[in-house]
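Trainee: Have a look at the structure that comes next, please.
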Amino acid sequence: MCLGIPGQIVEIADAATNIAVADVSGVRRKVNVTCVAGDDVNDLVGCWVLIHVGFAMALIDEDEARKTMETLVSLGEAQEEFDAMLAGDRAVAGIP
Amino acid sequence: MKYIEEFRDPKAARGVIDAIAHAADEIGATRDAPVRIMEICGGHTHAIFRYGLDKLVHEGIEFIHGPGCPVCVLPMSRVDECIEIAERPEVIFTTFGDAMRVPGTGKSLLQAKAAGADVRMVYSPLDALELARRNPTRQVVFFGLGFETTTPSTALSIQQADREGLRNFTVFCNHITVPPPIKALLDDPNMVLDGFVGPGHVSMVIGTRPYDFIPQDYGKPIVVAGFEPLDLLQSVLMVLRQIAEGRAEVENQYARVVRKEGNAASLAAVHAVYEPRPSFEWRGLGEIDKSGLRIRDRYAAFDAEVRFGVGYGAGPRKIAEPEGCSCGFVMTGRMKPTGCSMFGSECTPETPLGALMVSSEGACAAYWQYGGRRQAAETELADPR
């Protein structure tokens, strides 16, 4: 929960509500970017961010993203995050 | 050296480990009279065990594992209240997976789910918002759990629900904050700590200023750290150098993510939605002043405590720990997990009795996963009662 996961913003889904799409290790997820948005949310496309429970909480560089992902994989936390994302998708879809 | 080849840069790690040994010798730290450094964050606890950092460093360094796992400090009464809400027929109760197996006095959320309550594991409060949109006839409750790292996510979700006029979404707020328990630990007359490794991602939100009281009022160093093993080693070295040089300051080893002033947008949302409770109960630490958050009256429509009449302050609910459980002693650094008579016997990650065995960030689960299991087996062999 506290480690988060890095991702790259690939598009802005809804600028009014600060919802973007991030690529997290090849998986596209909607994330809220309120905490990292500057004057124009569209400027975030291409940026790397640290994502905590669906919210981008910090801008990071690509090297930091890579190192963080390596640490998460090593700790077993990356898989936990992906499992939690899938569980969330199932919960929303009403799949037991 | 055990584990060191797993480091991305073993040579750099060796250099820092040597420098730690030099600083520890300079201070005069020994196995019998160690320098005691508390890592506050549960993620750091996990990393220390995963990389065997406690075994790699000079024997005069002792890591004390702090109260930084939000699931682990959750009192049983909070779990009972979750279940009370979740068992209402109109409720869809949503929670991070970590909280599912935490034992309440009667059952866990997982057991409540098995018995028919609509409890759903989600990744994000955004999932709970989406459930509320899709299920307008149900009441969707999100279990707001965690330190300052996750608090902005629920604050922003409440604000989004308010903008949309979603009247079937509430948060059961049990958010807690890091600085008050540090103060409580420092005020404890039995306190034995010499310095702190500060949490990385909590500090990403709140910045480093909230820790100023630690050097200023208590004369102890704190170094905010990243999560890579080399980050942690460098932070330990920075704490030791402060001690060796007679300094006590807030230093930031994780400046590539943490800024002194924190994250303004996060702090603004948290301040708009939440206010401190007069006090809040922590498992193993008791009531701590201004250590928990409640939803402000402005957003009362999104407060599960208000909607269901359940929760903190609704009545006397103080409930003892399970008999024989030593989570409180472990959390305050007065006992190692292996010192608990339940460790590895009655209490395992599969059947946790105490909260520290539930989450991968809990000290007991970390001991079990990375070495305690072997130690417990050896103890059993030596003492086959």
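The values are calculated or read from the model by the stated rules, or taken from the named source; none is laboratory data. This structure is a prediction, so every number in the text was calculated from the model and none was measured. Methodologically, a virtual Cβ is constructed for each residue, glycine included, from the backbone with ideal geometry; neighbour enumeration extends over all protein chains shown.
Trainee: Report the residue count in the range B:260-271 for those that are more than 9 Å from chain A (Cβ to nearest Cβ) and closer than 14 Å to B:HIS175 by Cβ.
Mentor: Number of matching residues: 3.
Trainee: Restricting the search to the range B:263-278, which residues are outside any helix (DSSP H, G or I), touching a residue at least 24 places away in the same chain (Cβ under 8 Å) and closer than 16 Å to B:ILE206 by Cα?
Mentor: B:ASN263, B:TYR274, B:PRO276
Trainee: Can you name every residue in the range B:279-302 that is of a type outside the set (Ser, Thr, Tyr), closer than 21 Å to B:MET191 by Cα and not in a strand (DSSP E or B)?
Mentor: Matches in the range B:279-302: B:ARG283, B:GLY284, B:LEU285, B:LYS290.
Trainee: Still on this structure, I have one more. Just to be sure before I move on: is B:GLU39 of a type in the set (Asp, Glu) and more than 22 Å from the chain's Cα centre (by Cα) in the structure I sent?
Mentor: For B:GLU39, the condition - of a type in the set (Asp, Glu) and more than 22 Å from the chain's Cα centre (by Cα) - is not met.
Trainee: Restricting the search to the range B:193-248, which residues are in a loop (DSSP other than H, G, I, E, B) and of a type in the set (Gly, Ala, Ser)?
Mentor: Scanning the range B:193-248 gives B:GLY207, B:GLY219, B:ALA225, B:GLY226, B:GLY246, B:ALA248.
Trainee: Let me ask another. Can you name every residue in the range A:43-59 that is within 11 Å of another protein chain (Cβ to nearest Cβ) and surrounded by fewer than 21 Cβ atoms within 10 Å (Cβ to Cβ)?
Mentor: Scanning the range A:43-59 gives a single hit, A:LEU59.
Trainee: Please go through (1) assigned to a helix (DSSP H, G or I); (2) more than 9 Å from every other protein chain (Cβ to nearest Cβ); (3) modelled with pLDDT under 90 for A:ILE95 and return the number of the only condition it doesn't satisfy.
Mentor: Every condition holds for A:ILE95 apart from (1).
Trainee: Exactly one condition in (1) more than 13 Å from chain B (Cβ to nearest Cβ); (2) in contact with a Lys or Arg (Cβ under 9 Å, 6 or more places away or on another chain); (3) of a type in the set (Ser, Thr, Tyr) is not met by A:THR17; state its number.
Mentor: Looking at each condition in turn, A:THR17 falls short on (1).
Trainee: Out of everything in the range A:60-84 that is touching a Ser or Thr at 6+ places or on another chain (Cβ under 9 Å) and crowded, with 18+ Cβ neighbours inside 10 Å, what residue ends up being farthest from B:SER153 (Cα to Cα)?
Mentor: Within the range A:60-84, the match that is farthest from B:SER153 (Cα to Cα) is A:LEU75.
Trainee: Across the range B:235-259, which residue is surrounded by the fewest Cβ atoms within 10 Å (Cβ to Cβ) among those that are more than 16 Å from B:VAL197 (Cβ to Cβ) and either acidic (Asp, Glu) or within 14 Å of chain A (Cβ to nearest Cβ) (or both)?
Mentor: B:GLU245
Trainee: Filter the range B:97-138 down to the residues that are modelled with pLDDT of 95 or more, within 13 Å of another protein chain (Cβ to nearest Cβ) and assigned to a loop (DSSP other than H, G, I, E, B) and list them by number.
Mentor: Answer for the range B:97-138, where residues must be modelled with pLDDT of 95 or more, within 13 Å of another protein chain (Cβ to nearest Cβ) and assigned to a loop (DSSP other than H, G, I, E, B): B:GLY116, B:ALA117, B:ASP118, B:VAL122, B:TYR123, B:SER124, B:ASN135, B:ARG138.
Trainee: Something else about it: Among the residues of the range A:9-46, write down those that are part of a loop (DSSP other than H, G, I, E, B) and either over 25 Å from A:VAL73 (Cβ atoms) or of a type outside the set (Ser, Thr, Tyr) (or both).
Mentor: Within the range A:9-46, A:ASN18, A:GLY26, A:VAL33, A:THR34, A:CYS35, A:VAL36, A:ALA37, A:GLY38, A:ASP39, A:ASP40, A:VAL45, A:GLY46 meet the criteria.
Trainee: Would it be correct to say that B:GLY324 is in contact (Cβ under 8 Å) with a residue 12 or more places away in the chain and either of a type outside the set (A, V, I, L, M) or in contact with a helix residue (DSSP H, G or I) (Cβ under 8 Å, 6 or more places away or on another chain) (or both)?
Mentor: Spelling it out, B:GLY324 is indeed in contact (Cβ under 8 Å) with a residue 12 or more places away in the chain and either of a type outside the set (A, V, I, L, M) or in contact with a helix residue (DSSP H, G or I) (Cβ under 8 Å, 6 or more places away or on another chain) (or both).
Trainee: Related question: What's the total number of residues in the range B:55-93 that are hydrophobic (A, V, I, L, M, F, W, C), outside any helix (DSSP H, G or I) and touching a strand residue (DSSP E or B) at 6+ places or on another chain (Cβ under 9 Å)?
Mentor: Of the residues in that region, 11 qualify.
Trainee: Next question. Out of the residues in the range A:1-26 that are in contact with a Gly (Cβ under 9 Å, 6 or more places away or on another chain) and closer than 30 Å to B:CYS72 by Cβ, which is modelled with the highest pLDDT?
Mentor: Among those residues, the one meeting the criterion is A:ALA22.
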